[in-house]
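The values are calculated or read from the model by the stated rules, or taken from the named source; none is laboratory data. This is a predicted model, so every value here is computed, not measured. Because the Cβ atoms are built from the backbone with ideal geometry, glycine has one as well, and the counts that use them run over all protein chains shown. Only protein heavy atoms, including side chains, enter the accessible area calculation; ligands, DNA and RNA are left aside. Shrake-Rupley method; radii C 1.70, N 1.55, O 1.52, S 1.80 Å.
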Amino acid sequence: MLAKRMDGFALVTTSEHLRSSTRPLALVTGAAGGIGVPLVSRLVAAGYHVLALSRSGGEEQPFVTPIPCDLTKPEQIEQVVAQIAALDRRVQVLVHSAGVIVPQRMGGGDTAAVSCQLAVNLEAPILLTMKLLPHIPSGGHVVFINSMAALVPLEGSSIYTASKFGLRGFALSLAQDVRKRGIHVSSVFPGAVDTPMLKREIDNGGSPLNFVTAPATADGIAAIVMGLLRRPRAEVFCPSSDGILAQLMLMMPRVWRLILPILLKKGRKGLRKYLDGQGRC
Ligand SMILES: NC(=O)c1ccc[n+]([C@@H]2O[C@H](COP(=O)([O-])OP(=O)(O)OC[C@H]3O[C@@H](n4cnc5c(N)ncnc54)[C@H](OP(=O)(O)O)[C@@H]3O)[C@@H](O)[C@H]2O)c1
């Protein structure tokens, strides 16, 4: 039975389908996004009932209850968690996949884009995790879809980079806070992923560093998340070679400055190849 939309936030408590489901619950933010969609499918196939957060909500599907939530609004995050608490169910898996990038050079521009990126990429994952932790059982898992931008400073995307650096710090600290409770914390660090976000980023002057290696598929990232749920690890870089290089470069900023022109050249070539493949060159 489809949930009745009473006030836009009552989907959780009014969904008969959810109330009768005995499946473990997984909550995914950015569930309607490029990575979110295949991730939700994989979670359902693996036996979860998914609480799918997005701004638009959408129709209830078998084992997927959509929840409208604008993550820039803390009061909406609180309402979502209050509804989950009213269900009296545990949330086994929490995946933070929502994200926003607005490329802009510092020195001018749009402060609203600053607040939005920090709110969606950093503040919302912190608030949602804090509020939901009492409802996550031992053996539960919190997964952050981070970005290689958490290790590689991206020219022209300093706010996104700052938000993802911050998110990495939060995840690593959180893991220590919840270890005794038996809750796993993982972060996935993709380079470029072929999703609407990447296309918007290219169209708005995003960094060619995204294309030093070919973009991953969204389903490939979803598969990595599923692998983490089976075998928890703190951090996974995709591709792993970029992760090793990026971590080394962070320790040696001078070498990074030397190597950057070579990477940018390789990235511009990769970008042309990607655009060619899309018939956009
Ligand atoms: N694509 C890449 O190249 C890439 C690379 C590295 C890391 N990542 C990370 O991967 C994650 C998923 O990105 P994606 O590629 O799947 O991007 P996407 O296709 O643009 O999806 C992003 C999702 O974020 C949600 N979102 C944005 N603003 C929101 C808000 N105010 N409230 C609630 N939800 C909001 C959107 O939900 P709505 O349905 O409400 O619009 C959208 O579904 C992000 O954290 C991103 O930083 C992506």
Residue in the range 29-48 that is open to solvent by less than 40 Å² (accessible area, probe 1.4 Å), assigned to a strand (DSSP E or B) and not polar (S, T, N, Q) present: no
Return yes when residue 155 is more than 14 Å from the ligand (Cβ to nearest atom) and surrounded by fewer than 24 Cβ atoms within 10 Å (Cβ to Cβ) and no when it is not. yes
Provide a single number: the residues in the range 21-39 that are in contact with a helix residue (DSSP H, G or I) (Cβ under 6 Å, 6 or more places away or on another chain), near the ligand (Cβ under 7 Å from one of its atoms) and of a type outside the set (A, V, I, L, M). 2
Residue in the range 203-239 that is farthest from the ligand (Cβ to nearest atom), counting only those that are open to solvent by 40 Å² or more (accessible area, probe 1.4 Å) and modelled with pLDDT under 95: 205
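Every residue, every condition in (1) acidic (Asp, Glu); (2) near the ligand (Cβ under 9 Å from one of its atoms); (3) open to solvent by less than 20 Å² (accessible area, probe 1.4 Å); (4) in a strand (DSSP E or B), yes or no:
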site: 52; (1), (2), (3), (4): no, no, yes, yes
site: 67; (1), (2), (3), (4): no, no, yes, yes
site: 71; (1), (2), (3), (4): no, yes, no, no
site: 86; (1), (2), (3), (4): no, no, no, no
site: 99; (1), (2), (3), (4): no, yes, no, no
Test of understanding: among 171, 162, 119, which residue is of a type in the set (Gly, Ala, Ser), part of a helix (DSSP H, G or I), within 16 Å of the ligand (Cβ to nearest atom) and in contact with a strand residue (DSSP E or B) (Cβ under 8 Å, 6 or more places away or on another chain)? 171
Quick test of your reading of the structure: residue 69 fulfils all but one of (1) at pLDDT 95 or above; (2) under 22 Å from residue 137 (Cα atoms). Name the failing condition by number. (2)
Against the condition part of a helix (DSSP H, G or I), in contact with a Pro (Cβ under 9 Å, 6 or more places away or on another chain) and not hydroxyl-bearing (Ser, Thr, Tyr), how does residue 149 come out, does it pass? no
Residues to consider are 128, 133, 94, 87; find the one that is closer than 21 Å to residue 190 by Cα, hydrophobic (A, V, I, L, M, F, W, C) and in contact (Cβ under 8 Å) with a residue 12 or more places away in the chain. 94
Of 206, 182, the only residue that is within 20 Å of residue 100 (Cβ to Cβ) and small (Gly, Ala, Ser) is 206
Of all residues in the range 106-130 being of a type in the set (Ser, Thr, Tyr) and out of contact with any helix residue (DSSP H, G or I) (no Cβ under 8 Å at 6 or more places or on another chain), which is least open to solvent (accessible area, probe 1.4 Å)? 115
